[in-house]
Amino acid sequence: MDNLIKKTEERMDKSLDALDRDYKAVRVGRANASVLDRINVDYYGVPTPVQQMAAISMPEPRILLIKPWDASTLKDIEKAILTSDIGINPQNDGTAIRLNFPPLTEERRKEIVKEVKKMAEDGKVAVRNIRRDALEKLKGLKKNNEITEDDEKNGEKKIQNLTDKYCKEIDALEAIKEKEVIEI
């Protein structure tokens, strides 16, 4: 049973990490290299992350500078950014690509806050699904007489405590991200 609790906690932890990664990719008006995390460039037939093909720097708070190590990939990187969903037009100067992050309007900030809330709710749903799976396994152990009824109740309580803990952590992550989005 302890193994079941441990695996449940590991799965919930992975859900929290996934939410954190998703939040890092949300554009908040400042330059952030994390927006490039999900962009892959077709490099000799292999989808390759931009970070593995170029040096990424922030010369100003609202500008990302992408300098490819192989100059022949400049157009491919530009094309990948254009076809992505980050909503920023790359500016190619022949040696590097600049991404200018425009300041967010109040309306866009509200839209992003809604997205952040939805991501948090999806994270909580994932944690609850993990709880449901764990409780089903616990019932299976009880049905096969591998654990006692007291062990089952104890396990249910531990799983519920884990669920509550991770839902609170998701709420905290959401609050931090919302504050970051609303700040001007």
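The values are calculated or read from the model by the stated rules, or taken from the named source; none is laboratory data. Just so it is clear, the model here is predicted, and its values are computed rather than measured. Positions of Cβ are generated from backbone atoms using ideal geometry, with glycine treated the same way; all protein chains shown enter the neighbour counts. SASA here: full protein model, heavy atoms, side chains in, ligands and nucleic acids out. Shrake-Rupley method; radii C 1.70, N 1.55, O 1.52, S 1.80 Å.
For this structure, a couple of remarks:
So that you can scan it fast, the table gives a plain yes or no per residue for (1) in contact with a strand residue (DSSP E or B) (Cβ under 8 Å, 6 or more places away or on another chain); (2) modelled with pLDDT of 90 or more:
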| residue | (1), (2) |
| --- | --- |
| R62 | yes, no |
| L65 | yes, yes |
| D70 | no, no |
| I81 | yes, no |
| Q91 | yes, yes |
| G94 | no, no |
| R98 | yes, yes |
| F101 | yes, no |
| L104 | no, no |
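- Any hit, region 111-122, residues being over 20 Å from L16 (Cα atoms), at pLDDT below 90 and either open to solvent by 80 Å² or more (accessible area, probe 1.4 Å) or assigned to a helix (DSSP H, G or I) (or both): yes
- Sub-8 Å Cβ pairs linking a first residue in region 94-107 that is on the phi > 0 side of the Ramachandran plot to a second residue that is part of a loop (DSSP other than H, G, I, E, B), at least 6 apart or interchain, number zero.
- Among (1) touching a residue at least 40 places away in the same chain (Cβ under 8 Å); (2) part of a helix (DSSP H, G or I) - the single one I88 does not satisfy: (2)
- Test for S72: is it of a type in the set (S, T, Y), part of a strand (DSSP E or B) and surrounded by fewer than 16 Cβ atoms within 10 Å (Cβ to Cβ): no
- Pairs, first touching a residue at least 12 places away in the same chain (Cβ under 8 Å) and over 15 Å from R128 (Cβ atoms) in region 6-22, second open to solvent by 50 Å² or more (accessible area, probe 1.4 Å) and not β-branched (V, I, T), C-beta under 8 Å, six or more apart: R21/D37
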